[in-house]
Amino acid sequence: MNRRQFLTSTSAAALTLGALRSSLFAAADKAARAPRILLRSSWQSVNIGDIGHTPGALSLLWKHFPECEITLWPGELGHGSRDLLLKGYPRLKIVEGSLDADGKPKQPELAQAWAEADLYLSGSGSGFPSSQQAVAFQKATGKPVGVFGVSNDPISGVAKNRDPEGGTLKSLRERALALPPTHLSTDLRFIMDRAAFFFCRDTITRDYLKAQGVKTPILEFGPDAQLGMHLRDDVKGLAYLQSNNLVEGKFICVIPRVRYTPYYKIKPGTKRVADDDIKDAINNRTTEQDLGKLREMMISYVRATGNRVLTCPEMTYQMELAKESLVDPLPADVKKNVVWRDTYWLPDEAASVYAKAQAVISVECHSPLIALHNGTPTFYVRQPTDTCKGQMYRDIGADDWFFEIEQTNGAQLWSRLEAIHKNPAAARAKVKSIMATVEARQKRMVDAVRAAVKIS
């Protein structure tokens, strides 16, 4: 070996040794510190369900993986949701920011969070929210990405090649599974194929993605994270009940919804677009026929029991909707037993109120999840435009309390509610059975998080 060869081989060995040493130091550093999760969640705050996704995920992660550190990268923290999270989870770190044209963090704080994270965890939501950020993170860092209970409905909506009228869950499943195996977009397929795990909050999404040939090693049903939220504000909640003469077990909560949320009316900076003409026309045609069924149920409940009804919102626009479509048209003898909540609230106060109700009846998807976590029987009355996420209720064993709004009427809703009224103990036992199924799946979800952090 000549001098040049000796020096070259010596330098290469030194570099190899240096790289090995750096790798060992990095591994030792990781072993000496808590596992770090970057949670992408909190999509919006005009909906207590979207607010509740985040505390639900935090509660589950710290219940089953207490040693982990969590940094939240939120989409939006309005309407008091920031204070809710910081008060409820003092250990939580929050980092905000956006990406540049190259998919890299613009803010140093966000860049640092990316560098320190062992796992990017996408929280519950519709259609894999912020999937582009997950793609960017994975490409930039090579670290694992996981998904925590999302739905992906390829049928419903006003976007191109979708059905603005939606359909029943049965029809959505049939149509989704009939799509060609190349239907999934390139970007979604990229990140789903590379995800350490991908939990779908309904089995329609799971089966659709399986039919599309998604390659993640874990593609399973995992309920919406909202079902894990333990936060309650009993001070506010009980004060509200007392001031409105709502007695535990002697009232029901009713939450209305239109088929398409009018975001251009409720989110500052959101412009009205051509698709809103289609959505408004559907709302104008269907709102009375949908909510008239809830009114009919309310009338039967009040007249048969003498109990009270609280109409309340899951989204900011629903106070006005409840007054116009549920309360104002009621006959006088029923209206005197109905309380109209005229202010928006946060999910912790809602949880405290729902916990004391005899039942929660909702055309929105997330209030029933809050009710179930707090032991209260609940109905989800699904509209055909509200995507395939409602399949979750059948997946967790709540079939008897799930209704397709176009296939039911007020008398049928009252009949099922009357059974709860006559045997509340049996109804609450059913809730416990449902939640046992949920809790087993929740632990499975967090176990997948723990495993992904260990192998990264």
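The values are calculated or read from the model by the stated rules, or taken from the named source; none is laboratory data. In this text, all values refer to a predicted model and were calculated from it rather than measured experimentally. So basically every Cβ, Gly included, is an ideal-geometry build from the backbone, and we count neighbours across all protein chains shown.
So, in the range 247-267, of the ones that are surrounded by fewer than 23 Cβ atoms within 10 Å (Cβ to Cβ) and of a type in the set (A, V, I, L, M, F, W, C), which residue ends up farthest from the chain's Cα centre (by Cα)? Only one residue tops the list, namely VAL247. For the range 292-313, the candidate set comprises residues that are buried (at least 19 other Cβ atoms within 10 Å of the Cβ) and not in a helix (DSSP H, G or I); within that set, the residue that is farthest from the chain's Cα centre (by Cα) is ARG308. Across the range 159-169, a minimum of one residue is classified as part of a helix (DSSP H, G or I) and assigned by TED's automatic domain parsing to the domain that holds GLY56. For THR216, the conditions (1) among the hydroxyl-bearing types (Ser, Thr, Tyr); (2) surrounded by 20 or more Cβ atoms within 10 Å (Cβ to Cβ); (3) part of a loop (DSSP other than H, G, I, E, B) all hold with the exception of (2). From the list THR316, THR343, the one residue that fits, being under 20 Å from ILE48 (Cβ atoms), surrounded by fewer than 23 Cβ atoms within 10 Å (Cβ to Cβ) and under 19 Å from the mean Cα position of the chain (by Cα), is THR316.
Within the range 189-203, the set of residues being out of contact with any Leu (no Cβ under 6 Å at 6 or more places or on another chain) and buried (at least 22 other Cβ atoms within 10 Å of the Cβ) comprises ILE191, MET192, ALA195, ALA196, PHE197, PHE199, CYS200, ARG201, ASP202.
Considering only the range 54-66, I want to know if a residue exists there that is of a type outside the set (A, V, I, L, M, F, W, C), exposed (fewer than 10 other Cβ atoms within 10 Å of the Cβ) and either closer than 30 Å to TYR317 by Cβ or modelled with pLDDT of 95 or more (or both). Yes.
Yes or no, residue by residue, for (1) touching a residue at least 40 places away in the same chain (Cβ under 8 Å); (2) surrounded by 14 or more Cβ atoms within 10 Å (Cβ to Cβ):
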| position | (1), (2) |
| --- | --- |
| TRP43 | yes, yes |
| ASP50 | yes, yes |
| ILE70 | no, yes |
| GLU96 | no, yes |
| ASP100 | no, no |
| PRO108 | no, no |
| LEU119 | yes, yes |
| GLY125 | yes, yes |
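When the range 385-395 is filtered for residues that are crowded, with 24+ Cβ neighbours inside 10 Å and either under 22 Å from ALA425 (Cβ atoms) or not small (Gly, Ala, Ser) (or both), the ones remaining, listed by number, are THR387, CYS388, LYS389, GLN391, MET392, TYR393. Inspect the range 332-349 for any residue being assigned to a loop (DSSP other than H, G, I, E, B), under 22 Å from MET229 (Cβ atoms) and basic (Lys, Arg) and give the result as yes or no. Yes, the range 332-349 contains a residue that is assigned to a loop (DSSP other than H, G, I, E, B), under 22 Å from MET229 (Cβ atoms) and basic (Lys, Arg). The condition of being over 18 Å from HIS366 (Cα atoms) and of a type outside the set (Phe, Trp, Tyr) does not hold for GLU314.
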